[in-house]
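Contents: one structure, followed by commentary.
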Amino acid sequence: MKKLLLVFVTVLLTVSVHAQKTADIGIWGGTLTSVHGDMDDDTPFQSFNLNFGAYFRYNFNARVGMRAMFLTGTFASEGTVETAPWEFDKSVQDLSLQAEINYLRYILGKKKIRFSPYVTFGIGVAYFPYTFTSGRLATDPLGPAGILGFNPDHPELEYDPATGNPIIVDYEESVTTLTIPFGMGFKYTIGDRLGVGVEYQMRKYMSDQLDDLDDPLAHVNGFGETITYNDGSHNNDWAGYLGVHLTYMIFIGKKACPAYDAKNW
């Protein structure tokens, strides 16, 4: 998390140097709506998962901006995997760089163009813990139903030499993975330099470990063949955020840039 914060601050400082009086800063708060992974039941809004963060936005003109954004908070959900109960609860940190495109012309503080819907998309990186427990879902560790009991993706497991069954082992690691963020929202000016908005964002994670289920149906069948399902496309996880944000217009100089206002009015 410290490394992510350091990168975030560095991005802010770098962009600030070149912002030339056309930048906004903001705070963001909301909840995780859902996690779409390997669980069969991933009903949205099962519980309130507080997530909050901050962002810095550089405005190229009245329609296009670039946002550096940091989010942190709780990811928790429960459901089933092949009828077996499953749940997870962890903290996730997310850093992203996103283009922001306004549907209408929008300049924060201008009363004649005080609102606009918008869309965002970009690239990011996420950091979170992954916890693996051997046998947590297994009813028959050596058969296809032994979801985590005999997983070839985890050779670090220990096995009972008498029965050949895996010994329950807790295994934890830190995961850093690329993400693809995208979303939409609505923003509204409420003052000369102040604006509010509501936003929904999705994240595509280039990892299958967000829900602590890394290819959970992998197993060795009765013929000694290794069966896996994680092909890098259908098993990677998704998550959705819903939140509100408060934005404040900043200027590097003492006054707003007249040329910028004239150009984008």
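The values are calculated or read from the model by the stated rules, or taken from the named source; none is laboratory data. Source: prediction; values computed, not measured. In this analysis, Cβ positions are derived from the backbone assuming ideal geometry, glycine residues included, and neighbour counts consider all displayed protein chains.
Details
- Some residue of segment 134-144 being among the basic types (Lys, Arg) and at pLDDT below 70: yes
- With respect to (1) touching a residue at least 60 places away in the same chain (Cβ under 8 Å); (2) within 15 Å of the chain's Cα centre (by Cα), the lone exception for residue 129 is condition (1).
- Some residue of segment 53-66 being over 20 Å from residue 245 (Cβ atoms), in a loop (DSSP other than H, G, I, E, B) and either modelled with pLDDT of 75 or more or among the hydroxyl-bearing types (Ser, Thr, Tyr) (or both): yes
- Scanning segment 67-87 for residues that are in a strand (DSSP E or B), more than 17 Å from the chain's Cα centre (by Cα) and among the hydroxyl-bearing types (Ser, Thr, Tyr) returns a single hit, 80.
- Residues in segment 169-186 that are more than 13 Å from the chain's Cα centre (by Cα) and at pLDDT 95 or above: 184, 185, 186.
- In segment 88-108, residue surrounded by the fewest Cβ atoms within 10 Å (Cβ to Cβ) [restricted to those that are part of a loop (DSSP other than H, G, I, E, B) and out of contact with any strand residue (DSSP E or B) (no Cβ under 6 Å at 6 or more places or on another chain)]: 105
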